[in-house]
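The values are calculated or read from the model by the stated rules, or taken from the named source; none is laboratory data. On a predicted model such as this, the values are computed, not experimentally measured, just so you know. Glycine gets a Cβ as well: all are built from the backbone with ideal geometry, and neighbour counts include every protein chain shown. Areas reflect the complete protein model, heavy atoms only, side chains present, ligands, DNA and RNA absent. Shrake-Rupley method; radii C 1.70, N 1.55, O 1.52, S 1.80 Å.
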Amino acid sequence: MMKLAFIHVLVLVGAASGAIEKRIVGGKSCDKDRQYHVQIQSLQGGKSCGGSLLNTRWVITASHCAEQVVKLQLGLNNDVSVFTKIGSFFKGSSKKLEQVIKPDQQFTYKDEEGHAHDIMLIKLSEDMSAKLPTIKLPPVECTKPEVGQQVEIGGWGPEKADVTKAKIPKKLKCASTDIIACDENDKPGDKYFSDEATTMCAFKPGVESCIGDDGSAVEYNNVLHGIIVNSPVDKCANRIVMLNICHYRKWIDETMQKN
């Protein structure tokens, strides 16, 4: 019985680390980078997103990635051996790495006029270990990267732009892209407010974000400066739309302190 249980755990570990749909196109394996990455899955089905662990209790993502009951998987890209994960499973601590989050633990930004923006903080049901890697926030009085600056993106997605024919990847994928000026069509979904101050855009030939990459972090100088918010359906997007973290920096601190 113990051998069968051990094999079952191996299967579960493999599924958690590999069976994730749709990632960044035009990049390479993240290896030990982005160990803060969180995978967000709708329990109603049909929606998969990324997120980022800010500290032991809070995750940041795009609002359209949740606003319903979701399952969060943390530590998927951790530099931890399979045997360590198996040990955590038998100790019961692995339960923290998979949490079901209800809407009352989700906080979408709303401006003074009451308009929702496509950015959300999620409060975990149970604190993560302080040893689990997190991503750093920029200073409160930060400014977004200027046009021409290089930023880093990542996610789980197909190796081909045609997601209908792509194979399921085994690893988180990372890529570099360049900040460009946004045009009038570069914005989140119609449900959410956006303007020049709240959004930023990126483009690099061959680098695209796919369905399932939204909500994932945009790094600039190894710090969180954006969140991918465009959500392509049947194709990948080569113009990547992101929310500017600096615009929401004070709200992030205030929300975590009040809740």
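Brief remarks follow.
- Spin-label zone in region 205-225 - amide nitrogen under 20 Å from a point set 7 Å from the Cα of residue 183 along the C-beta vector: 205-210
- With Cα atoms as the point set, the radius of gyration and Dmax of region 205-259 evaluate to 13.4, 43 Å.
- Percent RCO, i.e. relative contact order, over region 104-259, from Cα pairs under 8 Å lying at least 6 residues apart: 25 percent
- Table column - 3J(HN,Hα) (Hz), region 241-253, Karplus curve with 6.51, -1.76, 1.60, x for Gly and Pro: 9, 9, 8, 7, 4, 4, 5, 10, 4, 5, 4, 4, 4
- For region 107-113, putting each phi into the Karplus relation 6.51 cos²θ - 1.76 cosθ + 1.60 with θ = phi - 60° gives couplings of 10, 8, 5, 10, 7, 4, 8 Hz, in residue order, rounded to whole numbers and with x for Gly and Pro.
- Each Cα pair under 8 Å and six or more residues apart adds its separation to the average, and for region 190-259 the resulting relative contact order is 34 percent.
- Surface accessible to a 1.4 Å probe, per residue, for the residues of region 171-245, Å²: 41 Å²
- Charged neighbours of residue 42, selected by a Cβ distance under 11 Å, balance to +1 (K, R count +1; D, E count -1).
- In Hz, Karplus ³J(HN,Hα) per residue of region 117-125 (6.51, -1.76, 1.60; θ = phi - 60°; x = Gly, Pro): 10, 7, 9, 9, 9, 10, 8, 5, 6
- Restricting region 198-259 to trypsin sites (Lys or Arg not before Pro) in coil, as DSSP defines it, with at most 16 other Cβ within 10 Å: 235
- Distant-in-sequence amide H partners of residue 216 (H built 1.01 Å from N, under 5 Å): 50, 228
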